[in-house]
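The values are calculated or read from the model by the stated rules, or taken from the named source; none is laboratory data. From a predicted model like this one, the values you see are computed outputs, not experimental measurements. Note: ideal-geometry Cβ built from the backbone for every residue, glycine included; neighbour counts use all protein chains shown.
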Amino acid sequence: MQTVDIRSRFEATGVLRLDGAFTADQAAAMREAVWQHAERQAGLRPDDPAGSFATVQGGLNKMTLRRFEAIMAQAGVEPVFRATDPGERPVLRAMREIARVPPLREYFTVGIYTIWRKPGGDT
């Protein structure tokens, strides 16, 4: 395959295939490391029967922040605590800052942590 073909395929798909770049054992070790990280960070496992992000056990429901807020408003509860993307890792701090721009908050809010109560209830 010519260099131009490789570059145009990468630009179109974002994927670059490098045949023979790693041995099968090296690829297996990298795949295992990725799954171990995914399980530690998000509870994802290769044997999870989920057919889409919406059905992954433990989350990744792809619900927008706006939809979540509407559902909670209809439930007749009020927030006691609310934090989006808490943490001090640089990526989380950056996402919080970007999400402060109203049109971007739906795209840059990854997680929301809340505590709710019935109106007038104790905290």
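Some values worked out for this structure:
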quantity: Pick from the stretch 66-91, criterion free of Cβ contacts under 8 Å to residues at least 24 places away in the same chain and within 23 Å of Q41 (Cβ to Cβ), ranking: surrounded by the fewest Cβ atoms within 10 Å (Cβ to Cβ); calculated: E88
quantity: Tally of residues being in a loop (DSSP other than H, G, I, E, B) and either among the aliphatic types (A, V, I, L, M) or exposed (fewer than 14 other Cβ atoms within 10 Å of the Cβ) (or both) across the stretch 92-115; calculated: 4
quantity: Test: T55 is modelled with pLDDT of 80 or more, within 28 Å of W116 (Cβ to Cβ) and within 15 Å of the chain's Cα centre (by Cα); calculated: no
quantity: Residue pairs meeting the criteria (Cβ under 7 Å; at least 6 apart or on separate chains; first of a type outside the set (V, I, T), in the stretch 9-36; second part of a helix (DSSP H, G or I) and surrounded by 11 or more Cβ atoms within 10 Å (Cβ to Cβ)); calculated: L16/F10
quantity: Scan of the stretch 10-39 for residues that are under 27 Å from the mean Cα position of the chain (by Cα) and of a type in the set (V, I, T), ordered by number; calculated: T13, V15, V34
quantity: Residue list for the stretch 17-29, filter: surrounded by 11 or more Cβ atoms within 10 Å (Cβ to Cβ) and either within 30 Å of R89 (Cα to Cα) or assigned by TED's automatic domain parsing to the domain that holds G111 (or both); calculated: A27, A28, A29
quantity: I6, sole failed condition from (1) modelled with pLDDT of 75 or more; (2) within 28 Å of I115 (Cα to Cα); (3) surrounded by 10 or more Cβ atoms within 10 Å (Cβ to Cβ); calculated: (2)
quantity: Residue among A94, A75 that is within 24 Å of W116 (Cβ to Cβ) and modelled with pLDDT of 80 or more; calculated: A75
